[in-house]
1. Of all the strands (runs of 3 or more DSSP E) wholly in chain B, which have at least 1 residues that are in contact with a strand residue (DSSP E or B) (Cβ under 8 Å, 6 or more places away or on another chain) and open to solvent by 60 Å² or more (accessible area, probe 1.4 Å)?
2. When the residues of the range A:169-203 are narrowed to those that are more than 8 Å from every other protein chain (Cβ to nearest Cβ) and of a type in the set (S, T, N, Q), which ends up most open to solvent (accessible area, probe 1.4 Å)?
3. Is it the case, given these coordinates, that A:GLY106 is within 16 Å of the chain's Cα centre (by Cα) and on the phi < 0 side of the Ramachandran plot?
4. Scan the range A:204-217 residue by residue and report those that are open to solvent by less than 40 Å² (accessible area, probe 1.4 Å) and either aliphatic (A, V, I, L, M) or within 7 Å of chain B (Cβ to nearest Cβ) (or both).
5. Looking at A:LEU154, A:LEU180, A:LEU242, can you tell me which residue is among the aliphatic types (A, V, I, L, M) and under 25 Å from B:ILE41 (Cβ atoms)?
6. Considering the range A:218-239 alone, what residues qualify as being more than 8 Å from chain B (Cβ to nearest Cβ), surrounded by fewer than 19 Cβ atoms within 10 Å (Cβ to Cβ) and out of contact with any strand residue (DSSP E or B) (no Cβ under 6 Å at 6 or more places or on another chain)?
7. So which pairs qualify, if the first residue must be in the range A:200-225 and in contact (Cβ under 8 Å) with a residue 60 or more places away in the chain, the second must be in a loop (DSSP other than H, G, I, E, B) and of a type in the set (A, V, I, L, M, F, W, C), the Cβ gap must be under 7 Å, and the two must be at least 6 apart or on different chains?
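The values are calculated or read from the model by the stated rules, or taken from the named source; none is laboratory data. In this text the structure is predicted, and so the values were computed from the model without any measurement. With ideal geometry, Cβ positions are generated from the backbone for all residues, glycine too; neighbour counts draw on all protein chains shown. These area figures cover heavy atoms from the full protein model, side chains too; ligands, DNA and RNA do not enter into them. Shrake-Rupley method; radii C 1.70, N 1.55, O 1.52, S 1.80 Å.
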Amino acid sequence: MDIYLNEIRLQVPEGTRLFALRDTHRPKADILILNGHLLTTDHDLEANDRVVLIERGVQPDAEELEALMMARHTPGVHERVKAGRVGIAGVGGLGSSIAIALARTGVGRLVIADYDVVEPSNLNRQQYFIDQLGKPKVEALAETIKRINPHVDLVCRQLKLTAENLAATFVEVDILVEALDAAEQKTMLVNTWLRKYPDRALVTASGVAGFAASNSIKTRQIRDNLILCGDGVTAAEPGCGLMAPRVGIAAHHQANAVLRLLLNEEID
Amino acid sequence: MELKINGTQKTFTDEILTVTQLLEQLNLSVDQVVVELNRDILAPGVLSTTGLNNGDELELIQFVGGG
């Protein structure tokens, strides 16, 4: 009969039991999961059962981790996502969540750029931790991503993005994500990028502040290569702050737009 | 003058000679909007010297702060 061992299809003799499977394939495994349930006693196996055997404290190698992580992806998606090279300009409230989502998704190469360090006021919505205060954001985010998957191909650039250095900073990416904070910076980036690389897709955000209705955040294709996420109007200003839920919604709109671009799906 | 802005036809009675003048009339800040004129993205430095003609099509992509 066929079962799945650590997400890979495997033929085993009829009547094989859980402990025998472990003894044959992963004798040091001390965590045994059968169809999502942690087991400490032996158990019959049936065709198409999903068994995960883990040795506590031991990390799977790159190839096995990839197979394990991609097991929950829609079939056929992984190879195309893996070929993607995506830049993220700014890793604050938007960019830190986007980077983590795309790293979990298995994007082949991520280039992140930001000049900032982690401050206490960031912790209300950005993917940083209190023990990272004062660290450059790109460094702190790299730590977190490596904790999710040490094999992610991640390039960190700690610098303030300008019209002069933008193109060189993201020269190797197919898709750029604008995740900056100030309206003037967003405008500079979009203007500079679209003129420099008219054929490369750009996923930008505007109008993510406050706590207005979730469904007011939209993803819109503005022109062939420009996608805008957000409500387009709600600015961060005194009386209208930036909060984890709505910034997170917009960030994941952007991440999903990147995924759809990588898969050649229509944006809206 | 007739201009198509973000897909909508608009008529302007005041004289508008340049892109900068149009943005002023629309109360848009020049450093918070990306201007596409007849499919071309305009560099920020040319907004005040780029003239507008009857029938031009513009996309004005406005950005607000927050991220």
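1. Strands (runs of 3 or more DSSP E) meeting the threshold: B:2-5, B:8-11, B:57-62.
2. A:GLN185
3. When the stated conditions are applied, A:GLY106 does not pass them.
4. Result: A:ALA205, A:SER206, A:GLY207, A:VAL208, A:ALA209, A:ILE217.
5. The conditions single out A:LEU180.
6. Result: A:LYS218, A:ASP224, A:PRO238, A:GLY239.
7. A:ALA205/A:ALA179
Residue by residue, here is whether (1) within 12 Å of the chain's Cα centre (by Cα); (2) buried (at least 18 other Cβ atoms within 10 Å of the Cβ) holds:
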residue	(1), (2)
A:ALA101	yes, yes
A:VAL118	no, yes
A:ARG125	no, yes
A:PRO150	no, no
